[in-house]
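The values are calculated or read from the model by the stated rules, or taken from the named source; none is laboratory data. Everything quoted here is computed from the prediction, not taken from an experiment. For the accessible areas, the whole protein counts, side chains as well, though only heavy atoms, and no ligand, DNA or RNA atoms are used. Shrake-Rupley method; radii C 1.70, N 1.55, O 1.52, S 1.80 Å.
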Amino acid sequence: MNEVRIDKWMWATRIFKTRTIAAEACKKNRIAIGGVNVKPSRMIKVGEVLQVRKPPVTYSFKVLALTQNRMGAKLVPEYLENVTPPEQYELLEMNKISGFVDRARGLGRPTKKDRRDLDQFTDLDDFDFDFDFEGE
């Protein structure tokens, strides 16, 4: 086996969960080889480096061996080498951290605590209304 379709190989090496998702990623120009976007039918060879954009990170994988059959996770390192630069992982960490820090209170959906406080505030059964209007 000298060549394999790129969508089959990415599915077999567990880069994507299904072959359909791998093919869609190619169609959306998220897969590149040497800076050139590829189609799902593109044949890959041993030694090529794939760039897979899964926003916000661009992963890079070097093809070590070819396969068309899905394999267990323990066998994947025999078929690909992750050559993603460390700054991409730093970008991922920064994105994870900033997602929660930048949320200003009062924006977005209320938390469970906010909802409980609101329910308690609006629950009229908790209040005792003993107005004595005759005594005035």
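Using only the C-alpha atoms, the convex hull of the range 1-115 corresponds to 149 Å³ per residue. Given the range 1-69, what whole percent of its Cα pairs are spread farther than 17 Å? When all Cα pairs of the range 1-69 are counted, 30 percent exceed 17 Å. Taking θ as phi - 60° and the Karplus parameters 6.51, -1.76 and 1.60, the scalar couplings of the range 11-28 work out to 5, 5, 8, 6, 6, 10, 6, 10, 5, 4, 5, 5, 5, 5, 4, 5, 5, 8 Hz in sequence order, x denoting glycine and proline.
The smallest convex shape that holds all Cα atoms of the range 35-80, its convex hull, gives 101 Å³ per residue.
Per residue, the range 16-115 exposes 70 Å² of solvent-accessible protein surface, assessed with a 1.4 angstrom probe and all protein chains in place.
For residue 4, nonlocal amide neighbours, meaning residues 5 or more places apart or on other chains whose placed amide H falls under 5 Å from its own, are 44.
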